[in-house]
Amino acid sequence: RSEFEQLAYKNISAFRQEAQDAVEMMDSDNLVKRFADVENKGELVHGSYNYHNVLFGNGLTAVTNFDRCKNECQISDLYQFMRKILEKYNWNIELAYKLIDEYDKIKPIADADLELLSALFSFPEKFWKIINHYFNNNKAWIPQKNYDKLSKVIEQNKYRRQFIAQLH
């Protein structure tokens, strides 16, 4: 096994358990009701909402790239935006609260949406993204960058878990 595979296999059980726990969180009565509401109301999300798709200039703000727009809970756009930023800032809880507060001022966040936000953050998305990229690309040579990304996600996971605990 490559160094990448060894690192992945060494950590996969813990991340699998986190993924299973997150999926179980999604089965709560509140969230099942919320998902039905979303479908009935036709709630739409951007689908790829992050700082790469938000443009600022001349006092205006524009959002681009709606090619992943779909019927889903709008709080998932906030999740995508926050996840990308919080990864870069070591899961800083103060920054997270500021982002949530600003969102809440414009679109009040219901309890079910906070529950969903917590479940979404509980799923170790970045780990699975890196692992899937590796296993779905049959490469004879594994770039050091891939190993570095995996190492960083594993190292940051304790901060992500602390963040999730404080978010509840």
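The values are calculated or read from the model by the stated rules, or taken from the named source; none is laboratory data. Note that this is a predicted model, so its numbers are computed, not measured. So basically every Cβ, Gly included, is an ideal-geometry build from the backbone, and we count neighbours across all protein chains shown. In case anyone asks, the SASA skips ligands and DNA or RNA and just uses the protein heavy atoms, side chains included. Shrake-Rupley method; radii C 1.70, N 1.55, O 1.52, S 1.80 Å.
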Residue in the stretch 107-120 that is in contact with a helix residue (DSSP H, G or I) (Cβ under 8 Å, 6 or more places away or on another chain), within 21 Å of residue 48 (Cβ to Cβ) and open to solvent by 50 Å² or more (accessible area, probe 1.4 Å) present: no
Selection count, the stretch 49-58, where residues are exposed (fewer than 14 other Cβ atoms within 10 Å of the Cβ) and closer than 20 Å to residue 133 by Cβ: 1
In the stretch 131-156, residue most open to solvent (accessible area, probe 1.4 Å) [restricted to those that are free of Cβ contacts under 8 Å to residues at least 40 places away in the same chain and under 20 Å from residue 80 (Cβ atoms)]: 152
Within the stretch 18-48, considering residues that are open to solvent by 80 Å² or more (accessible area, probe 1.4 Å) and among the acidic types (Asp, Glu), the one nearest to the chain's Cα centre (by Cα): 24
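Go through 5, 72 for me and flag whichever is under 22 Å from residue 157 (Cα atoms) and either open to solvent by 90 Å² or more (accessible area, probe 1.4 Å) or not hydroxyl-bearing (Ser, Thr, Tyr) (or both).
5
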